[in-house]
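Peer 1: Starting off with a structure, shown below.
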Amino acid sequence: MSIHPFLLAAAATLSLSAPAVAQTADALKVIEIDVEGGAATLYVTPQGHSLLVDTGWPAGQGGPRGTADKAAPYVLNSAERIVAAAKAAGLSKLDYVLITHYHLDHVGGVPDLVKLIPVGTVIDHGNNHEFPPPGAPQAALTGASATLYPAYLKAIEGIARRSVAAGDKIDIDDLHITVTNAAGALIPTALAGGGAPGVDCAKAVPKAEDGGDENARSVGLFMTYGTTRIFAGGDSIWNIENALVCPTNRIGPIDLYVANHHGSALSNSPQFLKSIAPRVIAMDNGPAKGGDASSLDSFRMSPRLQGLWQLHKAVNPAVKNEPDAHLVNVPEATDGAAMNIAVGKDGTITVTNGRTGRSETYRR
């Protein structure tokens, strides 16, 4: 299927929420919103059309925690941070909201979000297929996909909905998207630019742990903007990644990789990273969620890597974090800074640290 954008009367004037960043008028804006280890990535075309991928946590979750003698400070919840980023980008509505899967840190913000900003169409992979075991305690049921999915359906009543499958296409101005995997199924053949043998496939091993069935059902997105190639896989797991690149690399080389699964060790296999060989990696980790040491090791295996950026400094002492300039949020500063990325049609990628205002530009 092909989903075409809404036609607006006039394109919005766009600006990043960070200080000035080197860019051209035709740049695609990719805004990694800090939702504290959840996922929320906003894509905005020069014409002012938008795609939000995932919505972070429900209100009251995902932020700083209090202690026995001190309450947690109030911070904007995921939906509020998304709306703030959208408004900073000149948006008064979200044309598309795509939910990669029904885990708390991806779909949890939907009920709050739709109350705060108009949404044109929601996109997902279809029905939930992850259920808690019989006799699970009430605490486990509260955040279970089987509970979140009906709440999601209730929240989007009256909003257009599309459920996509592997191979489906979404076109938003000059941003062309192919669904590479959804509901556990993969594209059957290689994309344009793919088709070569995967790298080190003989060394690929399966991983039994997946963090829940919904991770394996995540919607994966291959995007092109001009000649620039982008991949964002939600929480696509290790075994799905390896199936996409072994024995045949169905994806091909990538310019910008929005790291799978917040940089979790349940994803980001060495074979996948070596095969898609991203030039720039944006990881939407939290301080203690995602950003695992093995994933950062895999990222650094990319033979074309020019820049690796973290939404948060990982507090795990086993993690070798990137230099401070590439850490958007750090424990010493107030959370909430975004990673702002300007994507040109020629492969040029500029990343701006929303905390410091510092930018770096990467060219082929």
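The values are calculated or read from the model by the stated rules, or taken from the named source; none is laboratory data. Being a predicted model, the structure only gives us computed values, none of them experimental. Methodologically, a virtual Cβ is constructed for each residue, glycine included, from the backbone with ideal geometry; neighbour enumeration extends over all protein chains shown.
Peer 1: I'd like the full set of residues that are among the polar types (S, T, N, Q), over 12 Å from LEU52 (Cα atoms) and at pLDDT 95 or above, limited to segment 70-129.
Peer 2: Matches in segment 70-129: SER78, SER92, ASN127, ASN128.
Peer 1: Can you go through ASP235, ASP200, ASP255 and tell me which one is touching a helix residue (DSSP H, G or I) at 6+ places or on another chain (Cβ under 8 Å), touching a residue at least 60 places away in the same chain (Cβ under 8 Å) and under 28 Å from ASP335 (Cα atoms)?
Peer 2: On inspection, the qualifying residue turns out to be ASP235.
Peer 1: Note down all Cβ pairs under 7 Å where the first residue falls in segment 34-54 and is surrounded by 22 or more Cβ atoms within 10 Å (Cβ to Cβ), the second is modelled with pLDDT under 95 and acidic (Asp, Glu), and they're at least six residues apart or on different chains.
Peer 2: Here the result reads ASP34/ASP335; GLU36/ASP335, each pair linking segment 34-54 to a residue that is modelled with pLDDT under 95 and acidic (Asp, Glu).
Peer 1: Only one of these is surrounded by fewer than 22 Cβ atoms within 10 Å (Cβ to Cβ) and in contact with an Asp or Glu (Cβ under 8 Å, 6 or more places away or on another chain): VAL315, VAL319, VAL328. Name it.
Peer 2: VAL319
Peer 1: Still on this structure, please answer the following. May I ask you to verify whether VAL205 is surrounded by 16 or more Cβ atoms within 10 Å (Cβ to Cβ), assigned to a loop (DSSP other than H, G, I, E, B) and modelled with pLDDT of 95 or more?
Peer 2: Judged against the criteria, VAL205 is not a match.
Peer 1: Sticking with this structure for a sec: For segment 261-314, which residues satisfy the criterion of being farther than 19 Å from SER218 by Cα and among the acidic types (Asp, Glu)?
Peer 2: Residues satisfying the conditions are ASP292, ASP297.
Peer 1: Does VAL328 fit the bill of being of a type outside the set (Ser, Thr, Tyr) and in contact with a strand residue (DSSP E or B) (Cβ under 6 Å, 6 or more places away or on another chain)?
Peer 2: Working: of a type outside the set (Ser, Thr, Tyr): yes; in contact with a strand residue (DSSP E or B) (Cβ under 6 Å, 6 or more places away or on another chain): yes.
Yes; evaluated as a whole, the condition is true for this residue.
Peer 1: Condition first: of a type in the set (A, V, I, L, M) and over 15 Å from ASP34 (Cβ atoms). Now tell me which residues in segment 316-344 satisfy that.
Peer 2: If the condition is that a residue be of a type in the set (A, V, I, L, M) and over 15 Å from ASP34 (Cβ atoms), then ALA318, VAL319, ALA325, ALA342, VAL343 are the ones that fit.
Peer 1: I've got another one for you. Quick one: how many residues across segment 211-246 are of a type in the set (D, E, K, R) and either more than 18 Å from the chain's Cα centre (by Cα) or assigned to a strand (DSSP E or B) (or both)?
Peer 2: So the count comes out to 2.
Peer 1: Here's a follow-up. Residues GLY48, GLY63, GLY56, GLY38: which one is part of a loop (DSSP other than H, G, I, E, B) and at pLDDT below 75?
Peer 2: That would be GLY63, the only listed residue that is part of a loop (DSSP other than H, G, I, E, B) and at pLDDT below 75.
So that you can scan it fast, the table gives a plain yes or no per residue for (1) in contact (Cβ under 8 Å) with a residue 40 or more places away in the chain; (2) surrounded by 19 or more Cβ atoms within 10 Å (Cβ to Cβ); (3) in a helix (DSSP H, G or I):
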position: ARG81; (1), (2), (3): yes, yes, yes
position: LYS87; (1), (2), (3): no, no, yes
position: GLY90; (1), (2), (3): yes, no, no
position: VAL97; (1), (2), (3): yes, yes, no
position: HIS101; (1), (2), (3): yes, yes, no
position: THR121; (1), (2), (3): yes, yes, no
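Peer 1: On to the next question. Among the residues in segment 282-296, are any part of a helix (DSSP H, G or I) and under 19 Å from GLY195 (Cβ atoms)?
Peer 2: Keep residues of segment 282-296 that are part of a helix (DSSP H, G or I), which gives 293-296.
Cutting the leftovers down to under 19 Å from GLY195 (Cβ atoms) gives us none.
No: zero hits.
Peer 1: Residue under question is PRO132, and the condition is that it be at pLDDT below 95 and surrounded by 13 or more Cβ atoms within 10 Å (Cβ to Cβ); does it hold?
Peer 2: Details: at pLDDT below 95: yes; surrounded by 13 or more Cβ atoms within 10 Å (Cβ to Cβ): yes.
Considered against the rule, which asks whether it is at pLDDT below 95 and surrounded by 13 or more Cβ atoms within 10 Å (Cβ to Cβ), PRO132 comes out as yes.
Peer 1: Same structure, new question: Which residues, taken from segment 301-312, are over 18 Å from VAL351 (Cα atoms) and surrounded by fewer than 21 Cβ atoms within 10 Å (Cβ to Cβ)?
Peer 2: MET301, PRO303
Peer 1: Name the residue that is surrounded by the fewest Cβ atoms within 10 Å (Cβ to Cβ), counting only residues in segment 138-177 that are at pLDDT below 95 and in a helix (DSSP H, G or I).
Peer 2: Applying the filter and picking the extreme gives GLN138.
Peer 1: Also, quick follow-up: Could you list, in sequence order, all residues of segment 251-265 that are part of a loop (DSSP other than H, G, I, E, B) and crowded, with 23+ Cβ neighbours inside 10 Å?
Peer 2: Filtering segment 251-265 down to residues part of a loop (DSSP other than H, G, I, E, B) leaves 251-255, 259, 264-265.
Correct list: ILE251, ILE254, ASP255, ALA259.
Peer 1: OK, next. What single numbered condition from (1) within 20 Å of LEU113 (Cα to Cα); (2) modelled with pLDDT of 65 or more fails to hold for SER17?
Peer 2: It fails just one condition, (2).
Peer 1: Of all residues being touching a Lys or Arg at 6+ places or on another chain (Cβ under 9 Å) and part of a strand (DSSP E or B) in segment 331-350, which is surrounded by the most Cβ atoms within 10 Å (Cβ to Cβ)? Just the residue, please.
Peer 2: Only one residue fits best here, namely ASN340.
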